[in-house]
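Every number in this text was worked out from the coordinates using simple rules, so none of it is lab data. Values in this document were obtained by computation on a predicted structure and should not be read as measured data. Counting neighbours? That spans all protein chains shown, and the Cβs are built from the backbone with ideal geometry, glycine included.
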Amino acid sequence: MCGIVGYVGNRITSEVLLDGLKRLEYRGYDSAGIALLPETPGKEITCVKSVGKVANLAAEVRKYPELSRMCTPGIAHTRWATHGAPNTPNAHPHCDEKKRFAVVHNGIIDNYLDLKKHLIERGHVFASDTDSEVVAHLLSECYQGDLLSALAAVVKQL
Ligand code: GLU
C-alpha cells in the first residue's frame, strides 16, 4: 500500500520527506519519489525518483546538492504499482510537461484511459504508464491562476 508525505515549513524539505517515507516503509512499496517547489516562482518543480528502497531514493537525492538546503513545500510517495511496471518513470510524483504541477496518488483512476486519450489528442506527452499521471496533465489544462478551483475541476473528471 502506498505512502504519502507532504511538508511545508522551515526545515530542509528533502530530509523531512525522506524521513517520512522511511517511517512508512512498513506499508510495502516498489519505488519512491519526492517533488519540491522551486525557490523562485515560475521555475520548474524538482522531481527525483528511484526504484526500490527509500535508501536508493536518498542516494539519488544526494546527486542534487541544491536539495540539501531547500525549504520549499514538497511532497513524497512510496508506490505500490497497480497500473504500469514498477520502474522509475512510473514512480510518483508525476508532473505535467512544464513541471508546474506534481502529483502523488494512492488508488486507481478507473476512467484514466479515456482521459489520457483525450489529453494526448490535445497534445499532451506522457512520461509514464500510470493512471495517476493524468491528474498532473488535467491540472495544467484546468489551471487559470487558482489551484483549488483547478483541483475541483479535475476531481469532477476522475
Ligand atoms: N495506481 C497508481 C499507480 O499504479 C497508484 C498506486 C499506489 O497507490 O501506490 O501508480
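Structural remarks
- Global geometry of the chain, whether rounded, prolate or oblate, following the gyration tensor of its Cα atoms and the 1.5 cut on a/c: oblate
- Cut-off 14 Å between beta-carbons: net charge of the residues surrounding E15, Lys and Arg +1, Asp and Glu -1: +3
- Neighbours of C95 by Cβ distance under 11 Å: Lys/Arg scored +1, Asp/Glu scored -1, total 0.
- Using a Förster distance of 25 Å, the FRET efficiency for K117-M1 (Cβ separation, nearest 0.05): 0.30
- Reach of K117 by Cα under 22 Å, taken over lysines that are not fewer than 8 positions away in the same chain: K98, K99, K156
- Theoretical gain in end-to-end length, T72 to R11 [0.36 nm per residue, Cα-Cα removed]: 21.1 nm
- Among D146, D110, D96: highest mean-square fluctuation, GNM of the chain, C-alpha pairs under 10 Å: D146
- In summary, the lysines within cross-link reach of K53, defined as a Cα separation below 23 angstrom excluding same-chain residues under 8 places away, comprise K22, K63.
- Once both labels are positioned 7 Å from their Cα atoms along Cα-to-Cβ, the gap between R27 and N87 label points is 2.5 nm.
- Estimated purely from DSSP H runs of n ≥ 4, each contributing -39500 (n - 2.57), the mean residue ellipticity at 222 nm for the chain is -9500 deg cm²/dmol once divided by its residues.
- Residues in the stretch 70-105 that a label on E44 would reach, taking backbone N under 20 Å of a point 7 Å out along Cα→Cβ: 70-77, 88-104
- Among S14, S68, S140, residue whose mean-square fluctuation peaks in a GNM of the chain (springs only between Cα atoms under 10 Å): S68
- For the residues K49, K99, K117, a GNM of the chain with alpha-carbon springs under 10 Å puts the largest fluctuation on K117.
- If the chain linking D110 and L151 were pulled fully straight, counting 0.36 nm for each residue of separation and taking away their Cα-Cα distance, it would gain 13.0 nm.
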